[in-house]
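**Student:** This structure is in structure tokens; I'll ask about it shortly.
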Amino acid sequence: MNKKGFTYIDTVISLCVAAIIISMFILAYRELSNYSERAEVKNVVQIIKKARLSAIMQMVDVEVVLDGDEILVSNINDMKKVYKLEHLKFESSESFQFTSEGGTKSFKGSYNMILLSNKSKKKYNVIIAAVGGQVRYEEV
């Protein structure tokens, strides 16, 4: 008997193996996008902490404006730095000022802001302590 092609069983097994590999890739991609969102939230917290520390170390007031998918950090010496977010955006515009003594002033009276995910529609709440200026986040 001369075989010159694939049997039905060979084809079914090949398709099953391909389906398993594709499903593993899809699950890994979802985890990777969730990881990148959490990493970006941690990066936002670090930017805010760095602005507070900069205000204390340089003994100048530093203003942080959170608008859309941008973070603008500026001080009295007209030094401005813009950070662009890739996976997240702010729900509303917020503005804070860190004083040289380590205090925090909010222009809207609120010390938290909501970050929205562009893909997974998750929400992250970033909270700044009014007295000490400590920054933390939690997933909503």
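**Student:** Long-range amide H contacts for HIS87: which residues qualify at under 5 Å (H placed 1.01 Å from N, peptide plane, sequence gap of 5 or more or a different chain)?
**Tutor:** When sequence neighbours closer than 5 places are left aside, there are no close amide H contacts.
**Student:** Among PHE90, PHE6, which comes first, then next, by fewest other beta-carbon atoms within 10 Å?
**Tutor:** PHE6, PHE90
**Student:** May I ask you to evaluate 6.51 cos²θ - 1.76 cosθ + 1.60, the Karplus curve with θ = phi - 60°, for each residue of segment 77-86 and list the ³J(HN,Hα) values in order in whole Hz, giving x for glycine and proline?
**Tutor:** 7, 6, 8, 10, 9, 10, 10, 9, 8, 9
**Student:** Separate question: Could you tell me how many cubic angstrom of Cα convex hull volume the chain has per residue?
**Tutor:** Output value, Cα hull per residue: 137 Å³.
**Student:** For a bin width of 5 Å, list the pair-distance distribution of segment 32-109 built from all Cα-Cα distances, rounded to whole %.
**Tutor:** Values per bin, smallest distances first: 3, 16, 26, 24, 16, 10, 4, 2.
**Student:** A follow-up question, please. Any idea what angle helix 8-58 forms with the longest principal axis of the chain, computed on alpha-carbon atoms, 0 to 90 degrees, nearest 10?
**Tutor:** 10 degrees
**Student:** List the pairs from LYS42/LYS84; LYS49/LYS81; LYS49/LYS80; LYS81/LYS122; LYS42/LYS121 whose alpha-carbon separation is above 23 Å, in the order I gave them.
**Tutor:** Violating the 23 Å Cα-Cα cut-off are LYS81/LYS122.
Rule-based calculations on the coordinates, nothing more; no lab input. Being a predicted model, the structure only gives us computed values, none of them experimental. As a convention, Cβ positions derive from the backbone with ideal geometry for all residues, glycine included, and neighbour counts pool all protein chains shown.
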